[in-house]
Structure formats: structure tokens, C-alpha cells
């Protein structure tokens, strides 16, 4: 059975419970839904290509200069635009990780150097990544928490990576799209060590469950680089509804606090239950969990209209690895009950 390159393929299969896409189980905030509906009256006009109002709102939310913020049609759009704008000759990726980094680099004919994260080290990044960051490298892609492992780059290592990239003039693209789900996320961000070579990717997609609207943004340590990206790629990439939704979402402070508590409680519940089945489960600080088992669990669960992510097409993983999103308690219990039935035949 051929699995999707990404999770969330609800269109080619009859799915009732989707654990394959790492989205917020609380769903889109009501204020955001209302903003999207009200934005329809403005859709007869082209959207602001520079997302000026949205960038000002993000600047206030992030306490970051607006001229160093660029919005895109999801964080993935910004990945492709970065590569297209800078045309790196040689780049490093720490794998397993989000496949779009490699795809964007390959389409630009960039030579890719892969640093394989060790299963023996629970797929956590270690100091050996520093050995790859030499002068001939132009760009580094890393994800924290990493997808699909859920591992955060530890503070001391993050600082060391940021400094070596600055010293060797390497653009360090740190994807933090899942970081808002982590406890004390502010102190786990590369933002603390930002310099002119750092680009931080963020998204409304995950934390605000806005996958269908497509909205992401990047924080730049270098205003000139931000301006280059702002003028790279298609015009009007961020729609009127997406820009309006983003502004509304930034006021949802209570919503974020609520989801962080829910995710951390439910993640521990799921990890415990999966371990009870005898699966190898990898600790996570994201809203998803990577585990390993010896049965074709994804195919078995599809018979119960439940989708999970088969990770056999992640470079650095292989057969037997699966990823599940953390949902609410009712859905999580439904998943565990279904897994139990699969285990019992």
C-alpha cells in the first residue's frame, strides 16, 4: 500500500478519525472562523502582497521588528522561497525530518549533505551536527521540535549551532512550527540566540488549526535578507481570508494556554498507553508521537476508519515506524481501543 508523502490525506480515503495530521484538536478558534467569514466582502480586491497589517500584528505579538518579518502561504512556501532566493550550492539537513526541505533544495540543484540522527540517541540532535557546519556549507535546515520525532534541540547545542553558522556564514533555517505546543516554548526557541544568519519559521497552521487557510511567517535576524525573500516568489501569495484570520488568531492568548495544557496531558496519556502495548515509543515535546511496532498498524486501523502516519518514507526511518497526532481524550481513547483490537486480532 502506498502511503501519502504527508499526513492529512482525508480525500482519497474514508476517514473518521485523522491522527495522521498534526493539527490542534481544539479546532480553529471561533474568533478566527468569524474573521474569515467577514473577510469575504473584501475578497473582490487583491490581497496586500506585503501583508503589512498582518506583519504589524505579528511584530507586536512577537515583540520583533516588522521589517524583519515575512509572511507566506504556509511555512512550506517560505522554505521554497528561501531556497529560490539564496540558491545555496551546498546545504545540510538533519534527518529524519520534514521532507519539503530536501524537495525544495533538490529542485534548486543544491548538493545536500545529510546528517542522520541516531535511533540510539532517541533521534535527538547531538554535537556531531557541528562537524558538518564548515565554510563550504551555505544553508542548514533543522526543525525543533523535529517532525516526526518530536525532539527539541537542546539549549546549549542550539546556541552552538547559531554561533557556528554565524562564524561560517551559513544561513540557519530553524523550523519552529510545532514549538508553541511545548511547555515554556519561549525559552526553547533559537530566538534567544538570533543573529544575522538565522531564519525562524513559524506557522498558524498547527497551533491555530488553520491548515486549509495556509499561513506562515519567518523571523529574520537580517533585514536585508528579509527584504530579498519578501520580493521572491509569486505575488499575492497570502489570501485576504488568511491575512484576516492571522490577525484574529494573534489575540487568542487563552486559547494557546488551554491547548498547551491539553496537549501535554494527552501526550503523556498516549505515550503510557502505547508503551503498555510493548511498542518502542520516543519521548516528544510536540503534539505528535513517534513509535515503532512490528505489525502493519496503519493498514489495520484504516479498516476502522482511523488514519495514522506511516513513516516508512522518512529518510532515516523505515518500516515499522508510525506517528500519531495528539487529539482530545475521547478521540485518544478511541484510538487506543482500536489499537487494542488490532493487537488482539
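The values are calculated or read from the model by the stated rules, or taken from the named source; none is laboratory data. Since this is a predicted model, take the numbers as computed values, not measurements. Don't worry about glycine lacking a Cβ; one is built from the backbone with ideal geometry, like all the others, and counts go over all protein chains shown.
Structure above, values below:
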{"read-out": "Selection from region 336-345 of residues that are more than 18 Å from residue 282 (Cα to Cα) and part of a helix (DSSP H, G or I)", "value": "337, 338, 340, 341, 342, 343, 344"}
{"read-out": "Sole residue being farther than 26 Å from residue 99 by Cβ and surrounded by 15 or more Cβ atoms within 10 Å (Cβ to Cβ), chosen from 342, 311", "value": "342"}
{"read-out": "Selection count where residues are within 27 Å of residue 32 (Cβ to Cβ) and without any contact (Cβ under 8 Å) to a residue 60 or more places away in the chain, scope region 266-307", "value": "1"}
{"read-out": "Any hit, region 207-215, residues being more than 19 Å from the chain's Cα centre (by Cα) and either surrounded by 23 or more Cβ atoms within 10 Å (Cβ to Cβ) or without any contact (Cβ under 8 Å) to a residue 24 or more places away in the chain (or both)", "value": "no"}
{"read-out": "Region 58-112, subset more than 20 Å from the chain's Cα centre (by Cα) and within 30 Å of residue 256 (Cα to Cα), residue surrounded by the most Cβ atoms within 10 Å (Cβ to Cβ)", "value": "68"}
{"read-out": "Cross-chain or 6+ apart pairs with Cβ under 7 Å, region 37-51 first and closer than 24 Å to residue 231 by Cβ and outside the structural domain of residue 213 (by TED's automatic domain parsing), then modelled with pLDDT of 95 or more and assigned to a helix (DSSP H, G or I)", "value": "none"}
{"read-out": "Of residues in region 116-132 being touching a helix residue (DSSP H, G or I) at 6+ places or on another chain (Cβ under 8 Å) and crowded, with 19+ Cβ neighbours inside 10 Å, the one farthest from residue 309 (Cα to Cα)", "value": "129"}
{"read-out": "Helices (runs of 4 or more DSSP H) wholly inside region 220-334 that include at least 1 residues being modelled with pLDDT of 95 or more, more than 22 Å from the chain's Cα centre (by Cα) and not assigned by TED's automatic domain parsing to the domain that holds residue 87", "value": "253-276, 297-302"}
